[in-house]
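K.L.:
The structure that follows is given in the form of structure tokens.
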Amino acid sequence: MLFLYNTAIQIARLLLKPLSFFNPKIKLFVAGRKVVFTILEQKIKPSDKTIWFHAASLGEYEQGLPVIEKVKEQFPNHKIILTFFSPSGYEVRSNNTVADVTVYLPLDTKSNAENFIKLAHPEMVFFIKYEFWLNYLNELKKQHIPTYLISGIFRENQMFFKWYGGFYRKALDAFTYFFVQNESSKKLLLQLGKTNVAVSGDTRFDRVATILEKDNTLDFISEFKNDTLTVVVGSSWPKDESLLIDYINSTKHRIKFIIAPHNIKSEQIHQLKSKISKKTLLYSEKASKKLADFDVFIIDTVGILTKIYSYADIAYVGGGYGNPGVHNILEPATFGVPIIIGPNYSHFAEATALVNMGGCTSIKNYRELNAAFEDLILNEDFRSEKGHICHTFVLMNKGATELILKNISNDPI
């Protein structure tokens, strides 16, 4: 079966180059990997001590960031190597300040795994949440390099738990320890005979909790808000926006909207703006404008949504009509903001928990969206109660990073 896996990787490698001529994301995926070994040779000396973190994409990076920061503090003489699989992670965070070297992870061939680990020569490795690349894991196991999975999630439909998944189960032997998010993941690993597992929770709670300690001031958002009840729409997709536009255009309430779409391509931004009948402004057009005069503010840039959530009275988080589902709800939750999402959230434990607790409301259609907004807008106590549930939920689930660091601190390195 490993032969079939390696064959599939080789086929993918051959297909990626021609596909890159037609797809900008694949073009970045291919081009970025051409220089990985050169960068490692230039920036990592044979005498350097290193620790390697791997994140599939941006979400996993944000999830692992508290651990990366604490490991960097605990091992100040080690260089941190950070790898991404996806361009949507690498292109946004390639200039991060926490890692000494940030590169794409080369495709999972046996030769790439051998060469990467030879050049990086990590003394400890962390995979964040998932992505189980068999050749890399086999090489790490072969070289007896301590390897950890942090904020891991396992589900019974994964290949590890199928009758034909023996070669995947074998790869799990590479892990020194599994730090998983929930009891169901631990139970599945125990069924495989893996006793080196602890339920640590989700490190994202630690990350978002620290947001409150930072300066989240954005003067232009404060000027726009102008002490008016404000709905912040984060990471919206067209399906989300079609419902929201109807509400924005029809509501008679004195209320403002800030929309930060998932896709900020110019054509789609201007399409969105053209459908809104209220007085609407783009972030890129805000210079010399009296922001308080506008009703809707469309954020056609990236990197400031977290701070914008601090100004929200109500948050709508997008993605809940797509697959796998809703985007990050923990950022508005940490500010104590009640949240509305679409119907697809079952793959996300934090969203499921907050819906069950009442801090987050899931809607399926415009009628339910309208009812959810009306309840929150008209009843300040109701809005405050739901926001308090969200904030408390974040605080109650802190501590994953501390537990992970405590368990690795005694490992030789």
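K.L.:
Based on this model, can you work out whether Phe37 counts as of a type outside the set (Asp, Glu) and either in a loop (DSSP other than H, G, I, E, B) or modelled with pLDDT of 95 or more (or both)?
P.N.:
Details: of a type outside the set (Asp, Glu): yes; either in a loop (DSSP other than H, G, I, E, B) or modelled with pLDDT of 95 or more (or both): yes.
Yes, satisfied.
K.L.:
If I filter the stretch 62-70 for residues that are open to solvent by 50 Å² or more (accessible area, probe 1.4 Å), modelled with pLDDT of 90 or more and outside any loop (DSSP other than H, G, I, E, B), do I get at least one hit? Write out each step before concluding.
P.N.:
First, pick out the residues of the stretch 62-70 that are open to solvent by 50 Å² or more (accessible area, probe 1.4 Å): 69-70.
Cutting the leftovers down to modelled with pLDDT of 90 or more gives us 69-70.
Going one step further and asking which of them are outside any loop (DSSP other than H, G, I, E, B), we end up with 69-70.
Within the stretch 62-70, one or more residues are open to solvent by 50 Å² or more (accessible area, probe 1.4 Å), modelled with pLDDT of 90 or more and outside any loop (DSSP other than H, G, I, E, B).
K.L.:
How about the stretch 360-413: which of its residues are basic (Lys, Arg), farther than 14 Å from Ile341 by Cβ and in a helix (DSSP H, G or I)? I'd like the intermediate steps shown before the answer.
P.N.:
Of the stretch 360-413, the ones basic (Lys, Arg) are 364, 367, 383, 386, 398, 406.
From what is left, the residues that are farther than 14 Å from Ile341 by Cβ are 367, 383, 398, 406.
Once the filter is applied, which keeps residues that are basic (Lys, Arg), farther than 14 Å from Ile341 by Cβ and in a helix (DSSP H, G or I), the stretch 360-413 yields Arg367, Arg383, Lys406.
K.L.:
Being assigned to a loop (DSSP other than H, G, I, E, B), of a type in the set (A, V, I, L, M) and open to solvent by less than 50 Å² (accessible area, probe 1.4 Å) is the filter here, so list the residues in the stretch 288-306 that pass it.
P.N.:
Keep residues of the stretch 288-306 that are assigned to a loop (DSSP other than H, G, I, E, B), which gives 288-290, 294-295, 299-304.
Next, from what is left, pick out any that are of a type in the set (A, V, I, L, M): 299, 302, 304.
Ile299, Ile304 - these are the residues of the stretch 288-306 that are assigned to a loop (DSSP other than H, G, I, E, B), of a type in the set (A, V, I, L, M) and open to solvent by less than 50 Å² (accessible area, probe 1.4 Å).
K.L.:
Hey, could you check the stretch 360-396 for residues that are open to solvent by 40 Å² or more (accessible area, probe 1.4 Å) and aromatic (Phe, Trp, Tyr) and say which is farthest from Asp202 (Cα to Cα)?
P.N.:
For the stretch 360-396, the residue satisfying everything is Tyr366.
K.L.:
Here are Ile211, Ile150, Ile145: which of them is in contact with a Phe, Trp or Tyr (Cβ under 7 Å, 6 or more places away or on another chain) and either modelled with pLDDT under 95 or among the hydrophobic types (A, V, I, L, M, F, W, C) (or both)? Reasoning before the result, please.
P.N.:
On the way: Ile211 fails: in contact with a Phe, Trp or Tyr (Cβ under 7 Å, 6 or more places away or on another chain); Ile145 fails: in contact with a Phe, Trp or Tyr (Cβ under 7 Å, 6 or more places away or on another chain).
Exactly one residue qualifies, and that residue is Ile150.
K.L.:
State which residue is farthest from Ile128 (Cα to Cα) when the search covers only the stretch 40-61 and only residues that are in a helix (DSSP H, G or I) and open to solvent by less than 30 Å² (accessible area, probe 1.4 Å). Full working, then the answer.
P.N.:
Pass one, the stretch 40-61, residues in a helix (DSSP H, G or I): 40-43, 58-61.
The next check asks that each one be open to solvent by less than 30 Å² (accessible area, probe 1.4 Å); those that pass are 40, 60-61.
Numbers: Leu40: 21, Glu60: 6, Tyr61: 8 Å.
Among them, the one singled out is Leu40.
K.L.:
Of the conditions (1) open to solvent by 70 Å² or more (accessible area, probe 1.4 Å); (2) touching a residue at least 60 places away in the same chain (Cβ under 8 Å); (3) among the charged types (D, E, K, R); (4) closer than 24 Å to Phe335 by Cα, Arg254 clears all except one; give me its number.
P.N.:
(2)
K.L.:
Is it true that Pro261 is assigned by the TED database to the domain that holds Tyr345, at pLDDT 95 or above and surrounded by fewer than 19 Cβ atoms within 10 Å (Cβ to Cβ)? Can you show your working first?
P.N.:
Numbers: assigned by the TED database to the domain that holds Tyr345: yes; at pLDDT 95 or above: yes; surrounded by fewer than 19 Cβ atoms within 10 Å (Cβ to Cβ): no.
Here the answer is no, as Pro261 does not meet what is asked.
K.L.:
Can we say Val208 is of a type outside the set (Ser, Thr, Tyr), open to solvent by less than 10 Å² (accessible area, probe 1.4 Å), touching a strand residue (DSSP E or B) at 6+ places or on another chain (Cβ under 9 Å) and over 18 Å from Pro343 (Cα atoms)?
P.N.:
Numbers: of a type outside the set (Ser, Thr, Tyr): yes; open to solvent by less than 10 Å² (accessible area, probe 1.4 Å): yes; touching a strand residue (DSSP E or B) at 6+ places or on another chain (Cβ under 9 Å): no; over 18 Å from Pro343 (Cα atoms): yes.
No.
K.L.:
Could you tell me which numbered condition Asp206 fails, if it satisfies all but one of (1) touching a Pro at 6+ places or on another chain (Cβ under 8 Å); (2) within 30 Å of Lys364 (Cβ to Cβ)?
P.N.:
(2)
K.L.:
Look through Tyr283, Tyr316, Tyr309, Tyr321 and report the one residue that is under 23 Å from Ser222 (Cβ atoms), open to solvent by 30 Å² or more (accessible area, probe 1.4 Å) and among the aromatic types (Phe, Trp, Tyr).
P.N.:
Details: Tyr316 fails: open to solvent by 30 Å² or more (accessible area, probe 1.4 Å); Tyr309 fails: open to solvent by 30 Å² or more (accessible area, probe 1.4 Å); Tyr321 fails: under 23 Å from Ser222 (Cβ atoms).
Just a single option satisfies the conditions, and that option is Tyr283.
K.L.:
In addition: Give the residues of the stretch 132-169 that are open to solvent by 30 Å² or more (accessible area, probe 1.4 Å), charged (D, E, K, R) and closer than 21 Å to Phe53 by Cα, sorted by residue number.
P.N.:
Lys141, Lys142
K.L.:
Among the residues of the stretch 344-359 satisfying the criterion of being in contact with a Lys or Arg (Cβ under 8 Å, 6 or more places away or on another chain) and under 23 Å from Ser184 (Cα atoms), which is surrounded by the most Cβ atoms within 10 Å (Cβ to Cβ)?
P.N.:
Our first condition is that a residue be in contact with a Lys or Arg (Cβ under 8 Å, 6 or more places away or on another chain); within the stretch 344-359, this holds for 350, 358-359.
Cutting the leftovers down to under 23 Å from Ser184 (Cα atoms) gives us 350, 358.
On the way: Glu350: 22, Gly358: 12.
Restricting to residues being in contact with a Lys or Arg (Cβ under 8 Å, 6 or more places away or on another chain) and under 23 Å from Ser184 (Cα atoms), the top hit is Glu350.
The values are calculated or read from the model by the stated rules, or taken from the named source; none is laboratory data. Everything quoted here is computed from the prediction, not taken from an experiment. Using ideal geometry, Cβ is built from the backbone for each residue, glycine included, and neighbour counts are taken over all protein chains shown. The accessibility values were calculated without ligands, DNA or RNA, using every heavy atom of the protein model including side chains. Shrake-Rupley method; radii C 1.70, N 1.55, O 1.52, S 1.80 Å.
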